[in-house]
Structure formats: structure tokens, C-alpha cells
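The values are calculated or read from the model by the stated rules, or taken from the named source; none is laboratory data. Nothing here was measured: the structure is a model prediction, and the numbers come from that model. We place every Cβ from the backbone using ideal geometry, glycine too, and count neighbours over all the protein chains shown.
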Amino acid sequence: MIAATDVQYHADGHAIAACVLFESWGDATPVREWTVRIEDVAEYVPGQFYKRELPCLLALLSSVLPELKIVIVDGYVWLGDESHPGLGGHLYAALDRKVPVVGVAKTRFVGAAPVSEVLRGESASPLFVSVAGLALAEAAQNVQAMHGAHRLPTLLKRVDALCRAKT
């Protein structure tokens, strides 16, 4: 299974983590989707976003870890070269480097490398794909092949909407 994840933070200190599970990159509908409410989320610290989001993702994925082939995060795997992990790199390490992690970011992070720019639909704005545990070209090709005619693939839009819809 492939897991697309996202987290939404709320002013009262809790977060909603969402997951959409699907079997193939081209799938239009999920096999399963769910959310987890996480109380007392850590404060945001610039340059250490993973400390806030990683516990949310681990709580979200704990019940399906044995099924996972790949996890997609909203953001970057690397914040510089591969010696400077971003959220995805920290998640990959937390999963004992057994489950590849693909980062799909909507905005450029200067210095992040290696990154592949992926244009989808008729958009002139790329998605920025990074990865751990899989070849970058393969990850970029997979994101390109995801269902949907627009810049954001259908299931990435779905997981974003799912975490935002819950309170």
C-alpha cells in the first residue's frame, strides 16, 4: 500500500493527521482513509519542523506499518544534501529505513537537493519531489503518473481536505 499523509495544526494546540491508502500510483480512489487527533503538539521551531510533525505521522501510520510500501509526505525529504534530513528524511530513519518516503512539496525550498521538478496538468508551477529509499527519477515518474488532471494529484488533494475537515 501507498500512504499519502498530511497534518493540520489548530490554535488550541492539537493537530489532525490524515492518511489516504491506495494500491497503485494511478488510483483515483483510496482503499482506506482515516484521521487521528493528536493532543499537545510541539510548538513550531524554524528549521526543526520534523519535531512537530514526525510524532503525528508515526501515530497515524502505526496501525498500517506492515502494509506500507511507500509513504508520501507533504514537504521535503532533504533540506540540503542527503546529510540534512527534512521531515521525510526523519520519517525514513524512524521507519528503520525500510519504507521509502517520497516528499511532494508545493513550494521551492532553496538548497534542498536532490529534488526533481514535476509539472502536472497544464500548470506552469512544478511540484518538488524528493525521496529516500527509492530512485529520485522513479519517485518523480510515479508522482507524474498519479491520477488527476491538475497540478495536485487527486489523492494528495483528498488527504489535504481530510485533515482540514476535522477539528
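Restricting to the stretch 1-16, name every residue that is at pLDDT below 95 and of a type in the set (S, T, Y).
Y9
Give me the residue from the stretch 1-58 that is closer than 15 Å to L155 by Cα and β-branched (V, I, T) and, out of that set, nearest to the chain's Cα centre (by Cα).
Only one residue tops the list, namely T5.
Test S116 against the stated conditions and say whether it is within 22 Å of A149 (Cα to Cα), surrounded by 14 or more Cβ atoms within 10 Å (Cβ to Cβ) and either out of contact with any helix residue (DSSP H, G or I) (no Cβ under 8 Å at 6 or more places or on another chain) or of a type in the set (G, A, S) (or both).
Working: within 22 Å of A149 (Cα to Cα): yes; surrounded by 14 or more Cβ atoms within 10 Å (Cβ to Cβ): yes; either out of contact with any helix residue (DSSP H, G or I) (no Cβ under 8 Å at 6 or more places or on another chain) or of a type in the set (G, A, S) (or both): yes.
Criteria met by S116.
Restricted to the stretch 85-120, and to residues that are β-branched (V, I, T) and in contact (Cβ under 8 Å) with a residue 24 or more places away in the chain, which residue is farthest from C56 (Cα to Cα)?
Among those that are β-branched (V, I, T) and in contact (Cβ under 8 Å) with a residue 24 or more places away in the chain, it is V118.
For the list (1) touching a Gly at 6+ places or on another chain (Cβ under 9 Å); (2) farther than 20 Å from R158 by Cβ; (3) among the acidic types (D, E), I need the number of the one condition that D74 fails.
(2)
Kindly evaluate E23 against the criterion of being of a type in the set (D, E) and within 18 Å of A139 (Cα to Cα). So that I can check it myself, show each step before the final result.
Details: of a type in the set (D, E): yes; within 18 Å of A139 (Cα to Cα): yes.
Against the criterion (of a type in the set (D, E) and within 18 Å of A139 (Cα to Cα)), E23 qualifies.
Results for (1) charged (D, E, K, R); (2) over 18 Å from R37 (Cα atoms); (3) modelled with pLDDT under 95, shown as yes or no for each residue.
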site	(1), (2), (3)
K51	yes, no, yes
S63	no, no, yes
I70	no, yes, no
G75	no, yes, yes
G86	no, yes, yes
Y92	no, yes, no
L95	no, yes, no
G103	no, yes, no
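Within the stretch 55-84, which residues are in a loop (DSSP other than H, G, I, E, B), without any contact (Cβ under 8 Å) to a residue 12 or more places away in the chain and farther than 26 Å from T107 by Cβ?
S62, S63 - these are the residues of the stretch 55-84 that are in a loop (DSSP other than H, G, I, E, B), without any contact (Cβ under 8 Å) to a residue 12 or more places away in the chain and farther than 26 Å from T107 by Cβ.
Would you check which residues across the stretch 119-134 are touching a helix residue (DSSP H, G or I) at 6+ places or on another chain (Cβ under 9 Å) and either of a type in the set (D, E, K, R) or on the phi < 0 side of the Ramachandran plot (or both) and list them? Even if it seems obvious, please write down each step before you answer.
The initial filter retains those residues of the stretch 119-134 that are touching a helix residue (DSSP H, G or I) at 6+ places or on another chain (Cβ under 9 Å), namely 119-120, 127, 129-134.
Within the stretch 119-134, L119, R120, L127, V129, S130, V131, A132, L134 meet the criteria.
Across the stretch 125-157, which residue is surrounded by the fewest Cβ atoms within 10 Å (Cβ to Cβ) among those that are part of a helix (DSSP H, G or I) and touching a Ser or Thr at 6+ places or on another chain (Cβ under 6 Å)? Quick ask: steps written out before the conclusion?
Narrowing the stretch 125-157 to residues part of a helix (DSSP H, G or I): 136-144, 154-157.
Now narrow it down to the ones that are touching a Ser or Thr at 6+ places or on another chain (Cβ under 6 Å): 136, 140.
On the way: L136: 17, A140: 22.
Per the stated criteria, the residue is L136.
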